[in-house]
Amino acid sequence: MPIFRLNKELVFPDPSYAEEEGILAVGGDLSVDRLILAYANGIFPWPRANAPLLWWSPDPRMVLYPKDYKPSKSLRQLIHSKKYSFTYDKDFAGVIRECATIPRYGQDGTWITKDMIKAYLKLHREGFAHSVETWYEGELVGGLYGISLGKVFFGESMFYKMRDASKFAFFHLVEVLNKWSFELIDAQQDTPHMRSLGAVTIKRDEFMEKLEEAVSQPTYKGNWNQYL
């Protein structure tokens, strides 16, 4: 399959044209409008060092259905212990910057570049990007961030500095998504960590069908605390 080169026009090729690896297009920009269009069409940016901006739509796709999430016994014990506290959209900048700096197993660097941070901070200000923070004695020790459109949450990254701090944040993400009847968490790539949380892989065609219906629903735009 050819890899499409984007220009200033706000348009993406059909995700079915993606290469086997998942790469669909190169180029374009990280404007709010382009990013929202991408996510709504099952496409996301994932930069690589020394390469143009890459846009992906992998097949199969890893997803988690919020209603099917079952936290482990140890995580439930942690939640009941009150060791950590959590917030929504309190420190998005802190979360994304920690996600960019925390070392990853098997990775030499980070795909969360300065341009990505700048773009997602703008998405947060526009009310589409959200964070869940985990706190311990007033210190940010874990969290996650992603994009919310309709009844879909597109997970981007998570970090932890203390044991299970990211899983604690994820529990509270799923809790609020279930409260609002979200249909899907897009985990993008198949990873052991997401599988441990209950995520499964589905074919891209099936994902696109579910996505089309879910993003047609009203979006919880702006700081999530206003809806709680």
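So how many residues does the range 89-114 have that are at pLDDT below 95, part of a helix (DSSP H, G or I) and out of contact with any helix residue (DSSP H, G or I) (no Cβ under 9 Å at 6 or more places or on another chain)?
So the count comes out to 1.
Test P47 against the stated conditions and say whether it is in contact (Cβ under 8 Å) with a residue 24 or more places away in the chain, in contact with a Ser or Thr (Cβ under 8 Å, 6 or more places away or on another chain), part of a loop (DSSP other than H, G, I, E, B) and not charged (D, E, K, R). Break it down into steps so the answer makes sense when it comes.
On the way: in contact (Cβ under 8 Å) with a residue 24 or more places away in the chain: yes; in contact with a Ser or Thr (Cβ under 8 Å, 6 or more places away or on another chain): yes; part of a loop (DSSP other than H, G, I, E, B): yes; not charged (D, E, K, R): yes.
It is true that P47 is in contact (Cβ under 8 Å) with a residue 24 or more places away in the chain, in contact with a Ser or Thr (Cβ under 8 Å, 6 or more places away or on another chain), part of a loop (DSSP other than H, G, I, E, B) and not charged (D, E, K, R).
Show the residue pairs meeting these rules: Cβ distance below 6 Å; 6+ apart or different chains; first residue within the range 198-215 and over 18 Å from V174 (Cα atoms); second residue among the basic types (K, R) and open to solvent by less than 80 Å² (accessible area, probe 1.4 Å).
I202/R61; R204/R61; F207/R61
Looking only at the range 120-153, how many residues end up being of a type in the set (G, A, S) and open to solvent by 20 Å² or more (accessible area, probe 1.4 Å)? Reasoning before the result, please.
Within the range 120-153, the first condition is being of a type in the set (G, A, S), and the residues that meet it are 127, 129, 131, 138, 142-143, 146, 148, 150.
After this cut, where a residue has to be open to solvent by 20 Å² or more (accessible area, probe 1.4 Å) as well, the list is 138.
Number of matching residues: 1.
Which residues, counting only those in the range 22-70, are small (G, A, S) and over 16 Å from E9 (Cα atoms)? Show your work before the answer.
Within the range 22-70, the first condition is being small (G, A, S), and the residues that meet it are 22, 25, 27-28, 31, 38, 40, 42, 49, 51, 57.
Correct list: G22, A40, G42, A49, A51, S57.
Can you give me the number of residues within the range 50-90 that are in contact with a Ser or Thr (Cβ under 8 Å, 6 or more places away or on another chain) and open to solvent by 80 Å² or more (accessible area, probe 1.4 Å)?
1
Of all the helices (runs of 4 or more DSSP H) wholly in the range 154-228, which have at least 2 residues that are buried (at least 20 other Cβ atoms within 10 Å of the Cβ) and out of contact with any Cys (no Cβ under 8 Å at 6 or more places or on another chain)? Give the derivation first.
On the way: elements: 165-179, 192-196, 204-215.
Fully inside the range 154-228 and qualifying: 165-179, 204-215.
For residues that are more than 28 Å from P218 (Cα to Cα) and surrounded by fewer than 14 Cβ atoms within 10 Å (Cβ to Cβ), tally how many sit in the range 20-45.
2
The values are calculated or read from the model by the stated rules, or taken from the named source; none is laboratory data. Nothing here was measured: the structure is a model prediction, and the numbers come from that model. Neighbour counts are summed over all protein chains in view; Cβ atoms, including those assigned to glycine, are modelled from backbone coordinates with ideal geometry. Side chains included, ligands, DNA and RNA excluded: accessible areas come from the protein's heavy atoms. Shrake-Rupley method; radii C 1.70, N 1.55, O 1.52, S 1.80 Å.
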